[in-house]
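The values are calculated or read from the model by the stated rules, or taken from the named source; none is laboratory data. Here the structure is a predicted model, which is why all the values come from computation and not from measurement. Virtual Cβ from ideal backbone geometry, glycine too; neighbours counted across all protein chains shown. Accessible surface is based on the protein model in full, side chains and every heavy atom, while ligands, DNA and RNA are left aside. Shrake-Rupley method; radii C 1.70, N 1.55, O 1.52, S 1.80 Å.
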Amino acid sequence: EEEKDIMFDAICDGEKETVVDLVTKARDAGEDLGKLLNDTMIPAMAEIGDQFSAGEVFVPEMLVAARAMQGGIDIIEPVLAETDHEPVGRVCIGSVKGDLHDIGKNLVVMMLKGAGFEVEDLGVDVPDEEFAKAVERGNQVVCLSALLTTTKPRMISAIKHLRASSNEAKIVVGGAVITQDYANLIGADAFGEDAPGAVGAVKRALG
Ligand code: B1M
């Protein structure tokens with residue numbers, strides 16, 4: 001319990017070294033890293049978001065919290081993404097143009113890799129045409145992530161762009177501001193609620 005509180009506070013306070021240290025210890029002790037991520041680390045990011053909404057913290061605090069979180073994710077990723085099988089499909093992913101949030105996207109990458117997909121991470125602030133290019137390189141599914149009300153409509157133009165290049169790529173959307181209704185509205189093939197949900201969505205999209 002105490003360890004959990006220390007981790008939660010370390011993320012909220014943006015203490016990357018402490019987070020890295022705690023995750024490393026948990027890994028070496030053979031603890032369930034998925035549980036640590038879901039039960040403590042992700043809720044800490046939600047807490048910092050609530051504090052931001054309440055005007056108690058500002059962008060710099062969100063940024064250091066995100067860096068601390070990512071420091072932990074970097075250690076968890078190779079453990080959770082371990083897989084022995086052949087790639088089950090090729091997927092590219094990016095946060096849409098104008099959107100710099102990447103923690104959720106990085107978690108989706110991790111889960112997809114763990115499920116046996118080969119994942120090309122296009123990063124953040126990805127222009128529409130980059131998704132289309134990734135499809136030309138052989139990716140079967142395009143995953144679009146958006147966290148902001150202002151970048152949500154960017155998915156519409158990204159999808160238009162993809163459909164216009166007349167390819168067979170499947171499109172999966174997700175992120176805090178996206179819903180199943182919105183996904184239907186903009187003509188995406190599937191919607192993922194969270195990182196595990198994204199894996200299901202990619203599988204559904206591939207049929
Ligand atoms: Co920003 N930010 N931010 N931010 N930030 C939010 C999103 C916000 C909700 C905070 C708030 O007001 N409470 C708010 C958006 C409000 C809105 O538009 N509805 C907000 C804002 C306003 C902003 C700025 C505009 C602030 C400013 O400058 N005034 C600015 C915009 C920058 C930009 O993108 N152009 C900004 C900047 C930043 C930082 C750079 C400081 C930093 C990001 C650093 C980084 O990512 N490297 C940051 C952070 C950290 C947050 C919060 C606190 C945390 C986001 C996060 O990592 N969550 C966030 C508040 C919150 O979420 N409660 C907030 C944890 C992560 C695991 O969850 O990303 O939702 P999430 O991902 C989930 C699901 O959404 C889903 O799976 C993930 C795992 O479960 N998912 C997918 C995500 N992508 C998916 C794709 C899929 C399927 C599922 O398929 C393809």
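For the chain, the number of Lys pairs with C-alpha atoms closer than 20 Å, counting only pairs eight or more positions apart or on separate chains, is 27.
Protein heavy-atom surface of region 1-127, 1.4 angstrom probe: 52% of the accessible area is carbon and sulfur, with nucleic acids and ligands not counted. Accessible-area rank, largest first, for 193, 130, 31: 193, 31, 130, with all protein chains present and a 1.4 angstrom probe.
Residue separation of residue 5 and residue 39 scaled by 0.36 nm, minus their Cα-Cα distance, works out to 11.1 nm of gained length.
Hey, what did region 35-116 get for relative contact order, percent, Cα under 8 Å, at least 6 apart? Worked out over region 35-116, it gives 29 percent. Calculated mean residue ellipticity at 222 nm for the chain: -16500 deg cm²/dmol, from DSSP H runs with n ≥ 4 weighted as -39500 (n - 2.57), summed, divided by the residue count and rounded to 500. With both labels modelled 7 Å from their Cα along Cα-to-Cβ, the residue 32 to residue 20 distance reads 2.8 nm.
What shape does region 99-195 have by the C-alpha gyration tensor, where a ≥ b ≥ c are the square roots of the eigenvalues, rounded means a/c under 1.5, and otherwise prolate means a/b greater than b/c and oblate the rest? It comes out rounded by the Cα gyration axes. Does region 2-67 come out rounded, prolate or oblate by the C-alpha gyration tensor, with a ≥ b ≥ c the root eigenvalues, rounded set by a/c under 1.5 and, if not, prolate when a/b is larger than b/c and oblate if not? Note, shape of region 2-67 comes out prolate. For region 12-121, a simple Cβ point-charge model (Lys and Arg +1, Asp and Glu -1, everything else neutral) yields a dipole of about 240 debye relative to the Cα centre. Ordering 204, 154 by accessible surface, largest first, gives 204, 154; the 1.4 Å probe counts only protein heavy atoms, with every chain in place. With R₀ fixed at 35 Å, the C-beta to C-beta distance from residue 180 to residue 118 puts the FRET efficiency at about 0.85.
The listed residues 3, 86, once ranked by accessible area (1.4 Å probe) with the largest placed first, stand as 86, 3. In the context of the full protein assembly, residue 92 retains an accessible surface of approximately 0 Å², using a probe radius of 1.4 Å and ignoring ligands and nucleic acids.
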